[in-house]
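Notes to accompany the following structure.
The values are calculated or read from the model by the stated rules, or taken from the named source; none is laboratory data. This structure is a prediction, so every number in the text was calculated from the model and none was measured. Positions of Cβ are backbone-derived with ideal geometry, glycine not excepted, and every protein chain shown enters the neighbour counts. Surface accessibility is based on the protein's heavy atoms, side chains included, excluding ligands, DNA and RNA. Shrake-Rupley method; radii C 1.70, N 1.55, O 1.52, S 1.80 Å.
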Amino acid sequence: MTMDQAELSTEQVLRRDIPWETYMTTKLITGTGLQLLRRYDKKPENYKAQLLDDDGPAYVRVFVSILRDIFKEETVEYVLALVDEMLSANPKRARLFHDKSLKDEDVYEPFLRLLWKGNWFTQEKSCKILSLIVSGRPKYQDGAVANGASNSKKEITTINDVLDGLVEWLCTQLKNPSHPSRGVPTAINSLATLLKEPLVRSSFVQSDGVKLLIPLISPASTQQSIQLLYETCLCVWLLSYYEPAIEYLATSRSLPRLIEVVKGSTKEKVVRVVILTLRNLLHKGTFGAQMVDLGLPQLVQNLKAQAWSDEDLLESLNELEEGLKVNIKKLSSFEKYKQEVSFRANADHVVLILLDPRTLAVACYDISQFIQYYPAGRIIVTDLKAKERVMKLMNHENAEVTKNALLCIQRLFLGAKYASFLQA
């Protein structure tokens with residue numbers, strides 16, 4: 001791909017003159033198609049808007065058929081530019097692609113194919129157009145086929161095919177961008193729209209896409225980088241409603257990065273979406289305890305003292321503050337407990353020998369209960385190095401000690417989500 005192709009703009013492409021008559025002569029477009037194109041091409045915006053209002057699905061049919069049947073690069077780019085112009089002027093026109101009169105047309109296939117086949121201009125426009133068309137589909141259309149054409153004789157691209165194909169391309173852009181400066185922003189912009197779809201969330205997590213977002217969560221200064229940061233945080237916020245994604249976020253450095261973004265950001269929209277994300281994560285796993293450790297309570301107080309215009313942001317800050325207070329109380333109570341019961345590592349062997357089996361069994365049982373019912377139990381038990389001590393007791397000569405030590409270790413490794421299935 002040459003840089004000239006990569007830097008093409010819609011305006012530049014639309015200055016071209018396409019020989020539509022030649023395509024009709026070679027039967028690549030119909031007489032009706034030629035008539036529609038002559039009426040539409042090179043006309044003022046308001047005139048084209050009227051044509052689309054009157055006969056929008058017919059123009060969609062022509063555009064899709066050209067992209068399906070004609071492979072000349074200049075013509076493909078031109079039609080993509082026409083569709084991009086049409087949807088940019090009014091995104092609601094995406095609904096035209098789902099008109100009942102197009103039920104036998106595979107409106108997705110050309111754009112899905114061009115994601116991988118074309119130069120950067122072609123890929124970027126195909127991604128943008130596909131994202132808009134997918135988002136504009138009727139809600140009842142989440143069935144097997146793209147346009148509801150259940151009785152069509154030809155195979156039509158399913159919505160699952162489209163979403164899986166899009167996610168694959170978007171993850172590829174995040175790993176190895178087709179364009180050095182626009183590949184990643186294009187992918188993130190599309191994901192910020194598409195992750196509202198349950199199917200996309202599932203496919204994105206299965207494709208290991210969550211970890212590709214984490215490096216992009218960092219304080220930004222330029223207008224372009226602020227927008228990229230905002231849309232990345234928007235993606236994380238959408239994923240914070242999806243349990244499998246939360247598990248990925250919990251094992252990454254997402255939380256420290258999100259907090260650093262809030263510390264260094266003056267843009268209200270960025271702060272808002274991060275605070276909404278933190279609010280969602282507060283009661284999940286050990287996130288609450290980690291937030292306290294990372295100094296979020298003080299940061300929230302500082303943020304509350306600033307003049308924000310967004311009421312949702314203020315409400316979320318209040319909710320976050322109350323939730324953090326609960327976590328601080330729990331952690332403070334346990335700090336006292338830790339000081340009372342913790343013992344030095346070099347005394348482990350002596351203590352384990354001196355304690356009677358009944359005391360050891362009860363201690364193992366209590367720790368297992370603590371892991372199951374206390375939100376930050378696992379992380380605190382690990383921090384106290386209790387795992388190593390309990391593991392030594394799994395080979396104890398007393399059966400009751402062995403049994404409770406095993407239960408404790410199982411709960412430690414399985415976590416609270418599955419620990420309830422284990423019986424003491």
Fill in: Pick from the stretch 175-198, criterion open to solvent by less than 10 Å² (accessible area, probe 1.4 Å) and part of a loop (DSSP other than H, G, I, E, B), ranking: farthest from C233 (Cα to Cα)
H179
Worksheet item: Which ones in the stretch 17-58 are assigned to a loop (DSSP other than H, G, I, E, B), among the acidic types (D, E) and more than 40 Å from the chain's Cα centre (by Cα)?
Response: D17
Item to complete: Look at the stretch 254-267 and say how many of its residues are open to solvent by less than 50 Å² (accessible area, probe 1.4 Å), of a type outside the set (V, I, T), assigned to a helix (DSSP H, G or I) and in contact with a helix residue (DSSP H, G or I) (Cβ under 7 Å, 6 or more places away or on another chain).
Response: 3
Worksheet entry | Enumeration of residues in the stretch 68-98 that are under 21 Å from T26 (Cα atoms), surrounded by fewer than 21 Cβ atoms within 10 Å (Cβ to Cβ) and hydrophobic (A, V, I, L, M, F, W, C) | I70, F71
Discussion item. Going through T122, T186 one at a time, which residue ends up being at pLDDT 95 or above and within 23 Å of the chain's Cα centre (by Cα)?
Written reply: T186
Worksheet item: Do you know which residues across the stretch 231-246 are touching a residue at least 24 places away in the same chain (Cβ under 8 Å) and outside any loop (DSSP other than H, G, I, E, B)?
Response: E231, T232, C233, L234, C235, V236, W237, L238, L239, P244, A245, I246
Practice prompt. Among the residues of the stretch 87-136, write down those that are assigned to a helix (DSSP H, G or I), among the aliphatic types (A, V, I, L, M) and under 25 Å from L51 (Cα atoms).
Written response: L87, A89, A94, L96, L102, I129, L130, L132, I133, V134
Practice prompt. Out of L239, L199, L212, report the one residue that is closer than 17 Å to I275 by Cα and touching a Leu at 6+ places or on another chain (Cβ under 7 Å).
Written response: L239
Fill in: Qualifying positions in the stretch 302-334 - in a loop (DSSP other than H, G, I, E, B) and either charged (D, E, K, R) or within 29 Å of the chain's Cα centre (by Cα) (or both)
W308, S309, D310
Worksheet item: Hey, among the residues in the stretch 199-216 that are part of a helix (DSSP H, G or I) and charged (D, E, K, R), which one's most open to solvent (accessible area, probe 1.4 Å)?
Response: K211
Worksheet item: Residues of the stretch 49-67 being within 21 Å of P110 (Cβ to Cβ) and open to solvent by 10 Å² or more (accessible area, probe 1.4 Å), which ones?
Response: D55, P57, A58, R61, V62, S65
